[in-house]
Amino acid sequence: MTSLDATAPAAPDFSRRRVAGFVFMVVGMFMAILDIQIVSSSITKIQAGLSASADEISWVQTSYLIAEVVMIPMSGWLSRVMSTRYLFVASASGFTFMSLMCATATSIDQMIVYRALQGFIGGAMIPTVFASAYGNVFPVEKRATISVIIGLVVTLAPTIGPTLGGYLTDTFSWHWLFLINIIPGIVVTSAVWLLIDLDEPDWSLLKGFDGWGIALMAVFLATLEYVLEEGPRNDWFGDDTIWWMAVVCAVSGTFFFARVLTFENPIVELRAYRDRNFAVGSLLSIFLGVGLYGLTYLYPLFLAQVRNLTATQIGVIMAVTGICQFMTAPVAGILTQKLDTRYLIGFGFGLLAISNYMMLGITWEWDFGNFFLPQILRGIGLMFCIVPINSLALGTLPQSQLKNASGLYNLMRNLGGAIGLAVINTVLIHRLDFHKSRLRESIEPGRPVVDQMLSGLGHQMSGVLGSTGNLAAVKQLYGLMTREATVMAFADCFFVLAICFIAMLLALPTVDKPKGMAPAKDAH
């Protein structure tokens, strides 16, 4: 045996016990990702139940996202200190308890605090699963299969979240958005405690604890997420709060990166970006986040606002994407082992671009049949992106870097989603105003066509409403104008996303062929 062989990391202890424990970890990750979107379709019900204002209720979602995005990069350091077992158990049990507290909240202030704690504590489950999957649970030959499973969970959870949330609220009450986590959370916590023994705690890492680094990172990521979440609602830098938050974000970010690059034992290590595969995979993950969270948000929003569909009806339409993801995932996993990942990723982004291009002709009358093909292409495209990107980013890193790198990688996807939502909301708001302004010019009274239409509508409504018939006709015409302007604004959003995916597709040829996916030697 050569000296090189003697220093190579031992093969993972592949046992049924560890595999069973990992399955329960994946369930926990599914719960954490699901809760990002599960409340989105039930915000109005929660608002009524807690007597909250429109500005206050948005923080039910924002507080969760801000807290989660702070925890995700910290999870690598915490996992090394506490071990995978202790960290995941603490995260799953805390997430479950805070879900119970959310269900018992009686005021909006309580709900915001509980949601923030739920997102912060539960956020550690997501990167811990990624690190375990590519670390010391499975041998290299099994990682393609595991990448498929993780890819399905990451894409399906946000896809079904709004529909499941709407169904629970309509059938029971909004409290069940959180109560549904209790029993699975207890099972996951117990199973991981009994089955997982991947590593041991290293409490010595607490020496030289970088408190300033954690504080700077928390402020930087929290203000960044706040600006991205609240910016579109407050006309970006026209609002003083957004402006000052952006300044704080820039200053804290500068000091944070300076701290990370100079401190002996930083809370987040950036050396994983020296690996070209990881650096490219992280960049692609940002665009993947745009497609995953952006489109998952945009489709149900259109179906609810324009088509006035129920959560169940929206779920039927969105289910097409989920079914295609299930059918495509094994194929994507097999091809990831056989083909250059750039071809697969390019194919995936290409399908996403075509799917969005097909949505440019959208009208208010579109139903299941019109959405069917774009939904198919979206489902296939997402799986051909996420499976190879996961393998590309994490498949060649040494185990000593996986825990930290997993947090950074998942952070990039979440930030990509936040950027995508910010862009979508900005486009919707500004283009809606633009289209309403243009359409209003064409329906000004005095034009023969407009006067004739108003006369006809007024005559029809006068028989029912009497003297207010003419006013009702004007209101109906204005409603039609607003509906058409809204549809045109949604079409503009799909156009922007199509351009985004085309740009990513055109940039792929500039990426070097990824290095081999063989297991990397651990660094010493």
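The values are calculated or read from the model by the stated rules, or taken from the named source; none is laboratory data. Predicted model only: the values in this text are computed from it and were never measured. Because the Cβ atoms are built from the backbone with ideal geometry, glycine has one as well, and the counts that use them run over all protein chains shown. Just so you know, the surface numbers come from the protein's heavy atoms only, side chains and all, with ligands and any DNA or RNA stripped out. Shrake-Rupley method; radii C 1.70, N 1.55, O 1.52, S 1.80 Å.
A few points about this structure:
- Residue satisfying all of: in segment 105-123; of a type in the set (A, V, I, L, M) and under 20 Å from the mean Cα position of the chain (by Cα); farthest from residue 64 (Cα to Cα) among these: 121
- Assessment of segment 126-139 against the conditions (buried (at least 23 other Cβ atoms within 10 Å of the Cβ) and either closer than 15 Å to residue 67 by Cβ or touching a His at 6+ places or on another chain (Cβ under 6 Å) (or both)) yields at least one matching residue.
- Checked against (1) open to solvent by less than 20 Å² (accessible area, probe 1.4 Å); (2) part of a helix (DSSP H, G or I); (3) over 26 Å from residue 268 (Cβ atoms); (4) modelled with pLDDT of 90 or more, residue 97 meets all criteria but (1).
- Residue count, segment 204-229 (criterion: crowded, with 18+ Cβ neighbours inside 10 Å and either at pLDDT below 85 or among the small types (Gly, Ala, Ser) (or both)): 5
- Filter result for residue 233 (touching a residue at least 40 places away in the same chain (Cβ under 8 Å), exposed (fewer than 15 other Cβ atoms within 10 Å of the Cβ) and basic (Lys, Arg)): no
- Elements of type helices (runs of 4 or more DSSP H) in segment 151-262, at least 3 residues being among the hydroxyl-bearing types (Ser, Thr, Tyr): 240-262
- Every condition in (1) under 23 Å from residue 418 (Cβ atoms); (2) open to solvent by 30 Å² or more (accessible area, probe 1.4 Å) is met by residue 118 except one, and the failing one is (2).
- Evaluating residue 84 against the criteria (1) modelled with pLDDT under 95; (2) under 23 Å from the mean Cα position of the chain (by Cα) leaves one unmet condition, (2).
- Of the criteria (1) open to solvent by less than 50 Å² (accessible area, probe 1.4 Å); (2) under 40 Å from the mean Cα position of the chain (by Cα); (3) modelled with pLDDT under 90; (4) polar (S, T, N, Q), which one residue 510 fails: (1)
- Residue 41 vs. criteria among the small types (Gly, Ala, Ser) and surrounded by 18 or more Cβ atoms within 10 Å (Cβ to Cβ): yes
- Criterion (among the hydrophobic types (A, V, I, L, M, F, W, C), assigned to a helix (DSSP H, G or I) and crowded, with 21+ Cβ neighbours inside 10 Å) met by exactly one of 429, 386: 386
- Checking each residue in segment 38-60 for being closer than 14 Å to residue 99 by Cα and either in a helix (DSSP H, G or I) or among the basic types (Lys, Arg) (or both) picks out only 60.
- Check on residue 253, open to solvent by less than 30 Å² (accessible area, probe 1.4 Å), within 24 Å of the chain's Cα centre (by Cα) and not hydrophobic (A, V, I, L, M, F, W, C): yes
- When residue 102 is tested against (1) under 23 Å from the mean Cα position of the chain (by Cα); (2) surrounded by fewer than 24 Cβ atoms within 10 Å (Cβ to Cβ); (3) touching a residue at least 24 places away in the same chain (Cβ under 8 Å); (4) over 19 Å from residue 192 (Cα atoms), exactly one condition is not met: (2).
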